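Right, one structure below, let's go through it.
The values are calculated or read from the model by the stated rules, or taken from the named source; none is laboratory data. Not measured: the values here are computed from a predicted model. For neighbour counting, all protein chains shown are included, and Cβ atoms are generated from backbone atoms with ideal geometry for every residue, glycine included. When the accessible area is computed, the model is the full protein with side chains, heavy atoms only, and any ligands, DNA or RNA have been set aside. Shrake-Rupley method; radii C 1.70, N 1.55, O 1.52, S 1.80 Å.
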Amino acid sequence: MAEIVRTFDWSSTPLGPITNWPSPLRTVVNLMLESDFPKAIAWGPDLITIHNDAFLPILGEKPSAVGRPFSQVWSEAWDIIGPIAQDAFAGKSTFIEDFPLIIERSSAPEQAYFTFCYSPIRGDDGQVMGMMDTVIETTQGVVARQTEAVLHKELAHRIKNVMAVTGAVVNSTLRHARTLDEARESIGNRLAALGKAQDMVTDIGQGSELSQLIRTGLAPYRLDWDRIGLSGPLVNLPSTQVIPFSLIIYELATNAAKYGALSSADGHLNISWSISEQRQFSFRWKEGGLSGLREASRTGFGSQLLTRIAPAYFRGQASIDLRITGMEYLLTGQILTD
């Protein structure tokens with residue numbers, strides 16, 4: 001930039017040739033060019049711009065700012081920073097941290113943040129002749145802090161959600177258990193399923209894709225996958241629906257392994273789902289190949305989870321149809337957004 005400033009045709013600007021510049025201007029320009037901190041000078045009533053090398057990243061892909069009015073260089077934001085510059089020319093310094101601005105320094109407008117100081121530059125007679133812009137971009141730090149705040153809020157939300165589901169699992173299982181041992185086993189298994197669901201919420205590698213949730217829920221049963229059909233589109237569940245859906249799969253798979261299609265070599269299972277453009281969701285679990293259910297189903301927490309608790313997270317409803325050939329479960333509702 002020092003070379004550019006020396007060779008620029010300043011006679012084409014209100015500043016005139018460098019040899020005619022007032023000594024205060026030449027002094028601050030020399031000091032600015034030697035600085036490793038981003039700095040720019042706006043001189044005279046036309047705010048003619050001179051800047052150093054460190055200021056180049058601030059400008060991005062903007063046309064060269066040297067010799068142009070500062071108000072023209074930052075025209076897209078001048079209605080905001082113009083009054084601050086006017087204060088500097090009135091003799092008032094202004095220091096601002098993490099100031100938000102929409103700027104255009106590439107192919108599209110962008111939100112950026114800057115910590116800067118606009119300070120007056122005075123001539124030998126004490127009159128303000130120009131302004132020094134000392135600035136550093138803080139976009140990365142501001143965005144990082146904003147992201148951290150969102151993550152903290154999301155974490156608190158997820159913990160609250162997990163605790164609510166956990167409370168429902170424990171309380172309802174205790175109410176419907178016939179013995180302490182049954183309650184202990186049921187609670188342990190359901191909390192294990194809850195833990196696996198939470199792992200999938202936080203595991204970027206697995207994500208929360210619906211078919212993966214189903215396969216993970218069925219994996220403990222060492223299944224013959226030739227007897228299981230999965231059909232449906234790619235559906236990514238939000239974190240608020242991953243856990244209740246995983247518990248649905250756990251309850252259905254546990255029941256099928258004890259009494260239904262997964263308890264018999266002749267049994268088979270078809271799992272299908274669909275989603276509309278309006279995010280209306282339908283999920284069907286259909287067992288077949290049985291000659292009769294091994295044990296009559298009784299009203300309990302599993303049934304409440306499948307038909308009342310979990311569907312509420314989908315703003316929908318569910319039904320269980322117990323047939324001689326196997327159970328059929330249907331859930332309809334909506335896929336929400338986080």
**Item:** Dipole-positive endmost among THR19, ILE81, GLY91 within region 1-109 (Cβ charges, Cα centre)
**Value:** THR19
**Request:** Kindly state, to the nearest 0.05, the FRET efficiency for SER11 paired with PHE95, given R0 = 35 Å and r defined as their beta-carbon distance.
**Result:** 0.50
**Request:** Please compute P(r) over all alpha-carbon pairs of region 41-93, binned at 10 Å starting from zero, and give each bin as a whole-number percent.
**Result:** 24, 56, 20, 0
**Reachable aspartates and glutamates, given that their alpha-carbon falls under 16 Å from the alpha-carbon of LYS92 and they are not under 8 places away in the same chain** = ASP133
**If the convex hull is drawn through the Cα atoms of region 226-338, its volume per residue in Å³** = 92
**Message:** Students sometimes get this wrong: rank TYR113, TYR313, TYR329 by accessible area, probe 1.4 Å, all chains present, largest first.
**Reply:** TYR313, TYR113, TYR329
**Message:** At 0.36 nm per residue, and after removing the present C-alpha to C-alpha distance, how many nm does the segment from GLU76 to ARG323 gain when stretched out fully?
**Reply:** 82.1 nm
**Request:** Determine, for each peptide in 235-241, 60-66, the mean count of other beta carbons within 10 angstrom over its residues, then list the peptides with the highest first.
**Result:** 235-241, 60-66
**Asked** Which order do peptides 9-20, 115-126 fall in by mean Cβ count within 10 Å, highest first?
**Response** 115-126, 9-20
**Item:** Gained length - ASN189 relative to LEU330, 0.36 nm times residue gap less alpha-carbon distance
**Value:** 48.4 nm
**Request:** Could you let me know the centre-to-centre spacing of region 212-286 and region 67-143, using Cα atoms, in angstrom?
**Result:** 58
